[in-house]
Structure formats: structure tokens, C-alpha cells
Amino acid sequence: MRSASTDYLIVGAGATGLAFADTLIAETDAHVTIVDRQGKPGGHWNDAYPFVTLHQPSSFYGVASLEMGSGLKDPVGLNRGLYELASGPEVCGYFDRVMNHRLLASGRVSYHPLSNHLGGGEVESLLSGARTPFTVRRKIVDATWFTPAVPSTHVRGFEVGEGVHVVPPNSLPGLWHRSQGGIVPRRFVVLGAGKTAMDTCIWLLQSGADADAITWVVPRDSWVTNRLTTQNAPEFFNEAIGGQADQMEAMAQASSADDLFLRLEACGAMLRIDRERLPTMFHFATLSEAEVEVLRRIRRVLRLGRARTLAADHMVLEQGRADVEPGSLYVDCTASAVGFRASEPVFQPDRIVVQLLRAPLVAFSAALTAWIEAHHDDDALKNRLCAPVPFPHVAADYPRTVAAALANQFHWNQDEVLRKWIRHCRLDAFGRLTAGADKQDADKQAILARLKASVPAAMANMPRLIANAATPA
Ligand SMILES: Cc1cc2nc3c(=O)[nH]c(=O)nc-3n(C[C@H](O)[C@H](O)[C@H](O)COP(=O)(O)OP(=O)(O)OC[C@H]3O[C@@H](n4cnc5c(N)ncnc54)[C@H](O)[C@@H]3O)c2cc1C
């Protein structure tokens, strides 16, 4: 059995592990070893459906040291006029570049693909079976906390009858080849109501499917972030920073979680697909208004809970049975992109468990955790600066998420060096935008003043919102 040593053993070469490693090697002279069961960097992006894109502009995703994308706006399509969203292959290509040009090129990183961390620093090569016990001088870094499930690899939670066709969205662009030159299915049952299902319905409609040929199984309606408010460029200052001020004011005034979402909708921050229903779910899915308009064309929306059994001519859902036209293709979009592992302290005696510190910015949270590890020694202080932000299960959880994120921001603001790092970190969506606001621009300065004034009021209202979480106004 070979042995090896390293300062940090990072488990997971997805967005989280790479963003952590990138900042750690920039801020320290440590040696880092990265292991992953996957054969390539990028984690779940390697298994994503072909038409996946980021929810958010590429400009604040990835790792801190390397820009992602071209910085251009989309000239056509449903994201027209907004900043580009990297496609799945672009994200994977970017992470390859990060690994080769940043991490390995530093001479202080070693990378072990197709390698399983068995626990306690022991790593098994999936190809040879060889086991290597690592001596870890500093810490093991668990960068697997998020590990989203994706349809192509997840375990289905429903039964499938004999001869029934169920595919992940990954199979849709290749339907012609799948049919072996025969008949391509023209009716679809899309299972699931998260971002993957939204993307799949949009892709089908934009590719020519008839809206009435799609049955959409929606167990719960979802609030959706309006992508317009996530544009971190000066020409979107009003929508982005003004939008933040609007949101803080809504948080200061709302009386319940439902009331909060209605106020966020009124100020343009949130969207819902069916305006007649009050959504109960919020997982930070982000769409453009044009995408939401496309989804509104689907009229056959089944709200009978989750699928239990799929048959050729019907399906059994939690709250009833629905007929399905024979020959329909079921598209499984039910994988939960959110793992919902319980929160735990980020800094532990022998481990760092990277978690969400500002919702929903996974990459920023990982980079910030590495910065704190590099610049502080005391675990109590480090944990105070890195309190995990709970990911919302349902819309009613959102005030808790916001309260934890605002508390973290408050602590970060007390540390001048950290504050400066955040302001210049490309993964912080709005830091560079606010820092770069022209001091002579009265309109921008008024927005910044409104934002500054509304944050304490929002924080003060959080206990009431959490207590009244599900009560309508
Ligand atoms: C379709 C989709 C789109 C998204 N878009 C955005 C977006 O626009 N913006 C955003 O901020 N977030 C987005 N997210 C959220 C997403 O979760 C994160 O961006 C991020 O990619 C998660 O990365 P990760 O490294 O935490 O997890 P993963 O990508 O799952 O990586 C974890 C890695 O750990 C490895 N691993 C696990 N256990 C072990 C072990 N024991 N030994 C070795 N290796 C192990 C796995 O093989 C995996 O490669 C999106 C998620 C999905 C599913």
C-alpha cells in the first residue's frame, strides 16, 4: 500500500471543491490534493442534459481567479438582452481550464480522478483498486455537501410498468436516433416542477413541440427569481442594486412569508408561472420573463402530487390517477438538485465541511470559506464568520435563509480585510458593481443609501417573518 501526504485533501472536484482550492492556493502556500469519483473536473455538470445552462450570468460563477464566458449579452433567444449563461459543455470546459491552467499549473495541487474517498484520508483508485492512505497535515475538506442529484444518474422514486418509455431530458435531443429512423414521440409527460422540468418544457416548446402535446406533472408550484435582477453590470444598476433595495424594503415590511413573496413579485424580483396560484416552493430557480411566458403556454398541468406508477395509458399520482395517451414519452425531471443534508459546523477539528454561506451562491461560499481558512486560526471565530445558511425546502423557509445570510454579511462587514476581498471577488454578484458606482452619480448614490438604510430594518423584521412563516397577510 502506497502512502502520500498533503496539507489539504479536498473531496470533490465540482464547483465547490474547485472554488475552494483556487482561493486556498491563491491565499496560502499549502499543498492541496483533490480526489473525485468522476473522471473529469466539474462534478454534476458532466452528467447534465445537453441543453442545460447556468441559471445566472456566467460573470459570477466558477472560481475567483478566472473569468467565465465572454462578457457578452445574448443577442437572440429567451435570454435576449441579458448577460450570457454558460452552457453545460462551456461549464465543463471552464473547469478543465481551471484544473489545468490554475490548479495543476501552480505546482502545488495534485488531482486524482476516478478515486473514491473512503473516509479518514484513505483514497481508493476506482481503476486499479489501489488504496492510498493520505497523511493530511491540515484538514480534509468535504466539498460534497451540495452534491445535487441529476436525472441521468439519480434513483427514480416511482415504479415503471413493462414496456413504458421513461427517459431523462438528456435523451431528448437524440430522439431521432433513438427511434432508429422510426416514429419520434410527439406527446410528452414531463415529471417534476423544478428548474430541470422548466428547462425541459421550454426546450420542447422552442424545438417545435405542440403546447397541448405536453402534460406537465407539477407536485408544487414554485416561485422563480427574475433573472433581470441578477445582472451585475453597470447598465443594470437600477434592476440589480435598486432591486436589492426593493427586496430589503419588502423584507422590512412583510408580515409573513407569503406576503413577502407577493411583495417581491410586486417589485419585479420574483415571478410565478400561474398567476392564479400561490406557490409553496422556492429553490432559487431563475428564469427570464420571456421563459416564464413560454411556460404559460402549457395548459395541461396536473397538480395531483408526485408520480407513483407510470403505465402506458395512465399514471398513478399521490392524489389520484390520470389518463395518458398511449405512445407518450415520459421525461423524468424529478431528481432533486438540492441534497438537503443537515447543516453542521463548517470548521471542525479535522475537517472543513463547505456549505452555503450566502444563498444561493455556492461558488462564492466555497471561495470565502477558503479565504477564512487562510487568514484565521481560531475555529470559533471562523465558524462565526461561516455560519451555514439553510437552503429553503419550501417558500416558508425563505425568511430563515435570508436572516442567516444577512447575519453572515453583518459579521463579514466588521472585518475590513475580508470586506475588501469580497468587494473585489468576481464570485460576489454585486460587490464590484456597488464598489464601482460613480460617487458623482446622484441616482446611484440614492439607491445605495436606500439599500444601506433598508438592511437593518429587514434584519429587525426577520424574527417576526420566521415566526409567521406560512401565515398569509
Ligand atoms: C442543472 C443545475 C444548474 C445549476 N445552476 C446553478 C447556477 O447557475 N448557479 C449556482 O450558483 N448554482 C447552480 N446550481 C447549483 C449547483 O449545485 C452548484 O452550482 C454546484 O455545481 C454544485 O457543485 P458541488 O461541487 O457542490 O457538487 P457536485 O457537482 O455534485 O460535485 C461533488 C463531487 O464530489 C464527488 N464525490 C462525492 N463523494 C465523493 C467521495 N466519497 N470520493 C470522491 N469524490 C466524491 C462527486 O463525484 C462529485 O463530482 C445548479 C445545479 C444544477 C443541478
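Just to be sure I understand, how many residues within the stretch 273-295 are surrounded by 17 or more Cβ atoms within 10 Å (Cβ to Cβ) and part of a helix (DSSP H, G or I)? The total comes to 4.
Within the stretch 383-396, residues that are within 23 Å of residue 415 (Cα to Cα) reach no partner that is modelled with pLDDT under 95 and surrounded by 20 or more Cβ atoms within 10 Å (Cβ to Cβ) with beta carbons closer than 7 Å at six or more positions or on different chains. Looking only at the stretch 2-9, decide whether some residue is within 12 Å of the ligand (Cβ to nearest atom) and either basic (Lys, Arg) or over 19 Å from the mean Cα position of the chain (by Cα) (or both). Yes, that holds for at least one residue.
Residues in the stretch 344-355 that are in contact (Cβ under 8 Å) with a residue 60 or more places away in the chain and surrounded by fewer than 24 Cβ atoms within 10 Å (Cβ to Cβ): 350, 351, 353. Screening residue 227 on (1) without any contact (Cβ under 8 Å) to a residue 12 or more places away in the chain; (2) surrounded by 19 or more Cβ atoms within 10 Å (Cβ to Cβ) shows it passes everything except condition (1). Residue-level check: of (1) acidic (Asp, Glu); (2) surrounded by 15 or more Cβ atoms within 10 Å (Cβ to Cβ); (3) touching a strand residue (DSSP E or B) at 6+ places or on another chain (Cβ under 8 Å); (4) farther than 21 Å from residue 469 by Cα, residue 265 misses just (4).
A single entry from 22, 7, 96 fulfils the requirement of being touching a His at 6+ places or on another chain (Cβ under 6 Å) and either crowded, with 19+ Cβ neighbours inside 10 Å or touching a residue at least 12 places away in the same chain (Cβ under 8 Å) (or both): 7. All told, residue 197 meets the bar of being farther than 20 Å from residue 326 by Cα and assigned by TED's automatic domain parsing to the domain that holds residue 316. Do we have any residue at all in the stretch 194-203 that's buried (at least 17 other Cβ atoms within 10 Å of the Cβ) and among the charged types (D, E, K, R)? The answer is yes; a qualifying residue exists.
Within the stretch 228-236, is even one residue in a strand (DSSP E or B) and polar (S, T, N, Q)? No.
As a summary of the residue check, residue 109 satisfies the conditions (1) within 15 Å of the ligand (Cβ to nearest atom); (2) in contact with a helix residue (DSSP H, G or I) (Cβ under 9 Å, 6 or more places away or on another chain) except for the one numbered (1).
The values are calculated or read from the model by the stated rules, or taken from the named source; none is laboratory data. This one's a predicted model, so the numbers in the text were calculated from it and none came from an experiment. Backbone-built Cβ (ideal geometry, glycine too); neighbour counts: all protein chains shown.
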